[in-house]
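The values are calculated or read from the model by the stated rules, or taken from the named source; none is laboratory data. This one's a predicted model, so the numbers in the text were calculated from it and none came from an experiment. Cβ: placed from backbone, ideal geometry, glycine included. Neighbour counts: every protein chain shown. Just so you know, the surface numbers come from the protein's heavy atoms only, side chains and all, with ligands and any DNA or RNA stripped out. Shrake-Rupley method; radii C 1.70, N 1.55, O 1.52, S 1.80 Å.
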Amino acid sequence: MFDAHSHFASPDALVCSADALLPSGPALRRGIGALAGGIGLDDATAVLIEKALKADPSLMVGEVGLDRRFTDRVPAAVQRDFLRRSCSLARFYGRPVILHCVRMYGELLSVIREFPDVRFMVHGFSGSEETGRELVRNGVLVSLRPGFPARLEGWVRSCPGKWVAESDFTGTDAALYNEVLVEHYRRLAGLLGTDTDRLEEICRGASEVFADFQTAR
Ligand SMILES: [Zn+2]
């Protein structure tokens, strides 16, 4: 089942890292990234990411982003500078970017607007409906994880094709992974009044820029 963001290897998932290591195992497409709380957002980490992008033309940038929970340890300005640097690499190497954000959507949007030529996905979206609309207006694909806030359900109903489904799974249990993803698709398909197969088709279509389904399947 198509999965727009995962840390668990699956041939149908966009599999990302947050520690500047290459994800291993099967994936529809891989991303390499770094987040505050995982690894230092410094020159050495940026060099690791650039080396990996150079070596593998299919690699995406991600996940990278901004996280309010870690600003006491990694100041917002440091997180923002590293995010900008990552977006510059994505622009230079022509790669899409998978973004992570916790309670810093205003700052995130201002960075996104600096890179109008880069394709962005915001994974694990947990902002407001208004932020959701603003991301879509800026051409950003929004990805929803299991347990996304119920207050977003109205927005979800209002714009099928503008959001996709992800597991954001970090475990190792394949059966649990499938269960979580199927259950998530059921909830989302229910909101649209459609079935999970049709929803999966919509999500694949919306994610085309982020994964070359032609060659991967
Ligand atoms: Zn993630």
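What to note about this one:
- Here residue 137 sits with roughly 150 square angstrom of accessible surface, probe radius 1.4 Å.
- Packing rank of 147-154, 107-114, where each peptide gets the mean count of other beta carbons within 10 Å, highest leading: 107-114, 147-154
- Three semi-axes of the equivalent ellipsoid, region 10-136, Cα gyration tensor, whole Å, largest first: 21, 17, 14
- Placing R0 at 35 angstrom, the Cβ-Cβ distance between residue 117 and residue 151 gives a FRET efficiency of 0.60 after rounding to 0.05.
- Solvent-accessible surface (1.4 angstrom probe) belonging to residue 1, in square angstrom, nearest 10: 60
- Short-range pairs are left out: with C-alpha atoms under 8 Å and at least six residues apart, the relative contact order of region 35-121 is 32 percent.
- Per-selection metrics, the chain (Cα): Rg and Dmax in Å: 16.1, 48
- Calculated FRET efficiency for the pair residue 88/residue 68, C-beta based, R₀ 25 Å, to 0.05: 0.60
- With every protein chain in place, the chain: carbon and sulfur % of accessible area (1.4 Å): 51
- In degrees, nearest ten, helix 174-192 long axis to first principal axis of the chain (Cα): 70
- Distance between modelled label sites at residue 21 and residue 159, nm, 7 Å Cα→Cβ extension: 3.5
- Alpha-carbon centroids, region 124-156 and region 157-217: separation in whole Å: 15
- Rounded tilt (10° steps) of 43-55 against the dominant C-alpha axis of the chain: 60
- Contact order normalised by residue count of the chain, Cα under 8 Å, 6+ apart, percent: 19
- Over region 125-212, Cα pairs under 8 Å with separation of 6+ residues give a relative contact order of 28 percent.
- Per residue, the chain exposes an accessible area of 44 Å² to a 1.4 Å probe, with every protein chain left in place.
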